[in-house]
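Just below is one structure, and these are the notes that go with it.
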Amino acid sequence: MSTSAFHAEGVSVRYRTRTGTIDALLDVDLRIEAGEFVALLGPSGCGKSTLLKVAAALIAPTSGRASLGGAALTRPGRQVGVAFQKPNLLPWRNVFDNVLLPARTLGLPMEHAQVRAHELLTLVGLDAFARNYPAELSGGMQQRVGIARMLLHEPELLLMDEPFAALDALTRERLTLELQRIWLAQRKSVLFITHSIPEAVFLADRVVVMSARPGRIVDELAVPLARPRDADTLSSTEFVDACAYLRRHFQ
């Protein structure tokens, strides 16, 4: 039997506050297979980002177990790459040096990392902007730099927390297509958080739906769409039906 890239088994997370306790997650079971793209949908405050932090080993479950490749997740490691809503690029470093940042923090061989950084900038279509600074880039270009940086150390699992939420609609649609292209080239395991049902259906192999807090998994949908997907996919019967099925959870 193959080992999953990520596995949450009965994961619950409880936060203590000055006014009491908050149950963020309750008995969550989620398996992401190697090379699988999983999108996570749920209402605001349902614990989606908490589950992502568990997968990144930034917080420990109050109960249950989280593992990567069969090994318990106990601390952040190079097996995981993370992209947040904002790419958080260092403004005093150019694009190339921002992509190289994980190599410096993880102590990776610099010569190999530099070759990898050039390859990734080509992959995300920014090789001509390697010496530019973040302030000279559009929001969408900055997000692509963040994706390249996330991939530099070749993590097994990519965690993406609404990476396109701050972008305008046209840029978001364009980057959705770009992310599919990048994923098809890299075939990493992905946990992708979004509030957009169409975005989830377009990108994912499987869409997982969470309830309101405390977050529990209440449904999942294997997306019945062939790859690669393009603009015509958005008007297909299969796409429209999948979106309608998922939307029932939020009406």
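Read the figures in this text as sums done on the coordinates, not as results from a lab. Since this is a predicted model, take the numbers as computed values, not measurements. Don't worry about glycine lacking a Cβ; one is built from the backbone with ideal geometry, like all the others, and counts go over all protein chains shown.
Observations on the structure shown:
- Where labels lie 7 Å past Cα in the beta-carbon direction, separation of L177 and D27 in nm: 4.5 nm
- Rounded to the nearest 20, the Cβ-based charge dipole of the range 143-251 about its Cα centre (Lys and Arg +1, Asp and Glu -1) stands at 180 debye.
- At least 18 Å along the helix axis (C-alpha) and Kyte average at least -1.0, DSSP helices within the chain: 110-123, 139-151, 169-186
- Of interest is the spacing of the C-alpha centroids, which for the range 157-216 and the range 70-94 amounts to 17 Å.
- Amide H contacts under 5 Å for V190, placed H, 5+ residues apart: E36, F37, V38, L158
- Projecting the Cα atoms of G107, A135, I147 onto the dipole axis of the range 90-154, where Lys and Arg carry +1 and Asp and Glu carry -1 at the beta carbon, places A135 farthest toward the positive end.
- Under the Karplus curve 6.51 cos²θ - 1.76 cosθ + 1.60, θ = phi - 60°, whole-Hz ³J(HN,Hα) for the range 35-43, x wherever Gly or Pro sits: x, 8, 9, 10, 9, 10, 10, x, x
- The HN-Hα couplings worked out from phi for the range 227-235 by the Karplus form 6.51 cos²θ - 1.76 cosθ + 1.60 (θ = phi - 60°) are 10, x, 9, 9, 4, 5, 4, 5, 9 Hz, whole numbers, x standing for Gly and Pro.
- Residues D168, D127, D232 arranged by fewest to most Cβ contacts within 10 Å: D232, D168, D127
- The chain: antiparallel DSSP beta bridges as a percent of all, rounded to 5: 55 percent
- Each residue in K188, K86 was given a count of other beta-carbon atoms within 10 angstrom of its own, and listing them fewest first yields K86, K188.
- Among A148, A113, A71, the largest mean-square fluctuation in a Gaussian network model of the chain, built with springs joining Cα atoms closer than 10 Å, belongs to A71.
- With each label modelled as a point 7 angstrom along the Cα→C-beta vector, the H195-R18 pair spans 2.7 nm.
- Counting only DSSP H runs of at least 4 residues, each contributing -39500 (n - 2.57), and dividing by the residue count of the chain, the helix-based mean residue ellipticity at 222 nm comes to -9500 deg cm²/dmol.
- For the range 70-87, Karplus couplings with θ = phi - 60° (6.51, -1.76, 1.60), whole Hz, Gly/Pro x: x, 9, 4, 7, 10, 7, x, x, 6, 6, 10, x, 10, 10, 9, 4, 10, x
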